[in-house]
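Just below is one structure, and these are the notes that go with it.
What follows is calculated from the coordinates using simple rules that are stated; it is not laboratory data. Keep in mind that what you see is a predicted model, and the values were worked out from it rather than measured. Reconstructed Cβ throughout: ideal geometry from the backbone, glycine too, with neighbour counts over all protein chains shown.
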Amino acid sequence: MNFDLDKITRENIKKLVPYSSARDEYKGKEGIFLDANENSLGAPIPSDKGMALNRYPDPMQIDVKDKISKIKGLPIENIFLGNGSDEAIDILFRAFCDPGKDNIIICPPTYGMYEVSANINDVKIKKVPLTKDEFQLDTENVTKAIDVNTKLIFICCPNNPTGNSVAWSSIKSILENFTGIVVVDEAYINFASYRSLIPELLNYPNLVILQTLSKAWGLAGLRIGMAFASEPIIDIFNKIKPPYNINIASQKLALEALSNVDKVNAWIKEIVSEREKLRKELSTLSFVDRIYPSEANFLLVKVKDANKTYQFLESKQIIVRNRTNVMLCEGCLRITIGTVKENETLINTLKQFN
């Protein structure tokens, strides 16, 4: 593998001079701030939890990154925070893919935002489906699909919507034989029985790992996504992002949440336990054909009639995700692991349908 970041970075990005905000120029937290044209009199709503809402937030989210750095065992310089992982995905396209010229590879069924972002950025999409039933990478056909204009390969692990892990040997093979960037989306890694690939960043300069505070950390409403990569790649991310992409309320609340690792770990254990209980309960229903193995906080369940089952649940105000129109997921519903009470209600309702 001969990875050259300069070679795959768009020329306009190399020449880009990022916007320099007032808070980039002065790093201190104390002083008389007359530099950013803020309203010095305050905000018209109460300032809670020490948040001065009339002031701009830290553009580089140093305190939050410092907390994440200690949890992940990774230097701040290797961390990017975005307005959800979707911002990091979009930046990858804007940094490395020339519109109308370059292409990416995705492996459906997978997370839909890769395709949406590609279309927004006018980047061609090459689809190499996962293997049927096992949902593993077809490394041979992925390799065949690569050409001189292939800049990104997206791998979701654990995969959404199937929930399964993707073999490290397959990911490693692609990392070692691709001169572009391999993006491994680990949004559901906290629920998995295996470790994150973060330690592999030392071995593969073309690896970008996405994670989020939306799932295990229970902060979907804050919209904070994380990207981990080599310092040169993170530097490019920071050149492109808006100056204040994470608001002050999200930063303060994220800091508070990141101080509760033990509580989150307890939640993870409970969700994994409920996942197994729900799997067993669902397997007793006659209209359930298959429950796919899951390393995430959801189950992909194949039923005899996905549309009717979905509509029945919806009529009972139980909302699941109908994935029957997704490649290789025909007849399937994706069911998030709820609370103990929610899971019991789901099963009891499905027994009525049965």
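Considering lysine pairs in region 175-303 that are 8 or more places apart or on different chains, how many have Cα atoms under 28 Å apart?
19
For helix 261-283, what angle does its Cα long axis make with the longest principal axis of the chain, in degrees from 0 to 90 and rounded to 10?
Tilt relative to the chain: about 20 degrees.
Based on the Cα atoms of region 53-109, what semi-axes does the equivalent ellipsoid have, where each is the square root of 5 times one gyration tensor eigenvalue, given in whole Å with the largest first?
Numbers: eigenvalues 163, 54, 23 Å².
Result for region 53-109: semi-axes of 29, 16, 11 Å.
Counting DSSP beta bridges with both partners in the chain, what percentage is antiparallel, nearest 5? Mind dumping the intermediate values first?
Numbers: 19 of 35 bridges.
Expressed as a percentage, antiparallel bridges in the chain total about 55.
Using the Karplus curve 6.51 cos²θ - 1.76 cosθ + 1.60 with θ = phi - 60°, what ³J(HN,Hα) values do you get for each residue of region 249-257, in whole Hz, with x for Gly and Pro?
Each residue of region 249-257 in turn: 5, 4, 5, 5, 5, 5, 4, 5, 5 Hz.
Going by amide H atoms built from the backbone, whose H comes under 5 Å of the H on Asp185, apart from near neighbours?
Residues meeting the criterion, in which the H sits 1.01 Å from N, are Ile155, Cys156, Cys157, Leu210.
Can you tell me what percent of all Cα-Cα pairs in region 143-293 are more than 18 Å apart? Show your work: numbers first, answer last.
Working: 7596 of 11325 pairs.
More than 18 Å apart: 67 percent of the Cα pairs in region 143-293.
Helix 85-96: angle to the longest alpha-carbon principal axis of the chain, degrees 0 to 90, nearest 10?
60
State the extension gain, in nm to one decimal, for the chain segment bounded by Ile125 and Tyr19, taking 0.36 nm per residue of separation less the distance between their alpha-carbons.
Working: separation 106, 0.36 × 106 = 38.16 nm, distance 3.08 nm.
The span from Ile125 to Tyr19 would gain 35.1 nm if fully extended.
Within straight cross-link reach of Lys308, meaning Cα distance under 18 Å, which aspartates and glutamates are found once same-chain residues fewer than 8 apart are removed?
By straight Cα distance, Lys308 reaches Asp289, Glu330.
Rounded if a/c is under 1.5, else prolate if a/b is larger than b/c, else oblate: which is region 15-171, with a ≥ b ≥ c the root eigenvalues of its Cα gyration tensor? Write down the numbers at each step before the final one.
Working: a/c = 2.76, a/b = 2.09, b/c = 1.32.
Taking the square roots of the gyration eigenvalues as a ≥ b ≥ c, region 15-171 is prolate.
Mind listing the long-range amide H neighbours of Gly84? Cut-off is under 5 Å, sequence gap 5 or more, other chains count too, H placed in the peptide plane at 1.01 Å from N.
Ile224, Gly225
With charges only on Cβ, +1 for K and R and -1 for D and E, what is the dipole size of region 218-297 about its Cα centre, in debye, rounded to 20? If you can, show how the numbers build up before the last one.
On the way: 11 positive and 10 negative charges, 33 e Å.
Once rounded to the nearest 20, the dipole reads 160 debye.
Express in nm, to one decimal, how much length is gained between Asn307 and Asp133 on full extension, taking 0.36 nm for each residue of separation and deducting their alpha carbon distance. Each step should come with its number before you reach the end.
On the way: separation 174, 0.36 × 174 = 62.64 nm, distance 2.05 nm.
Working it through step by step, the gained length comes to 60.6 nm.
Would you work out if the chain is rounded, prolate or oblate? Take a ≥ b ≥ c from the square roots of the eigenvalues of the alpha-carbon gyration tensor; rounded if a/c is under 1.5, else prolate when a/b is larger than b/c, oblate otherwise. Please report the intermediate quantities before stating the final value.
On the way: a/c = 2.08, a/b = 1.28, b/c = 1.63.
The shape class here is oblate.
Counting alpha carbon pairs within less than 8 Å and at least 6 residues apart, what relative contact order, in whole percent, applies to the chain? All intermediate terms of the calculation are to be shown ahead of the outcome.
On the way: 597 pairs, mean separation 63.7, N = 354.
Answer for the chain is 18 percent.
Taking only DSSP H segments of four or more residues, each worth -39500 (n - 2.57), what value at 222 nm results for the chain once the sum is divided by all its residues, to the nearest 500 deg cm²/dmol? Can you show the working numbers first?
Working: 13 runs with 128 residues, N = 354.
That comes out to -10500 deg cm²/dmol.
Under the Cβ-under-4.7 Å rule, which cysteines of the chain stay unpaired?
Lacking a cysteine Cβ partner under 4.7 Å: Cys97, Cys107, Cys156, Cys157.
Alpha carbon centre of region 1-42 versus region 293-347: separation in Å?
44
Considering only Leu313, Ile335, Trp267, whose Cα is most displaced toward the positive end of the charge dipole of region 262-353, charges sitting on Cβ of Lys, Arg (+1) and Asp, Glu (-1)?
Comparing the listed Cα positions along the dipole, Leu313 ranks first.
Enumerate the lysines that Lys304 could reach by cross-link, defined here as Cα to Cα under 16 Å, with residues fewer than 8 away along the same chain left out.
Lys304 reaches Lys351.
What would the Debye equation give as log₁₀ I(q)/I(0) for region 262-353 at q = 0.12, 0.17 Å⁻¹, counting only Cα atoms as equal point scatterers?
Listed by q, the Debye log ratios stand at -0.35, -0.69.
Roughly how tilted is helix 62-72, in degrees to the nearest 10 and between 0 and 90, from the longest Cα axis of the chain?
Helix 62-72 sits roughly 40 degrees off the main axis of the chain.
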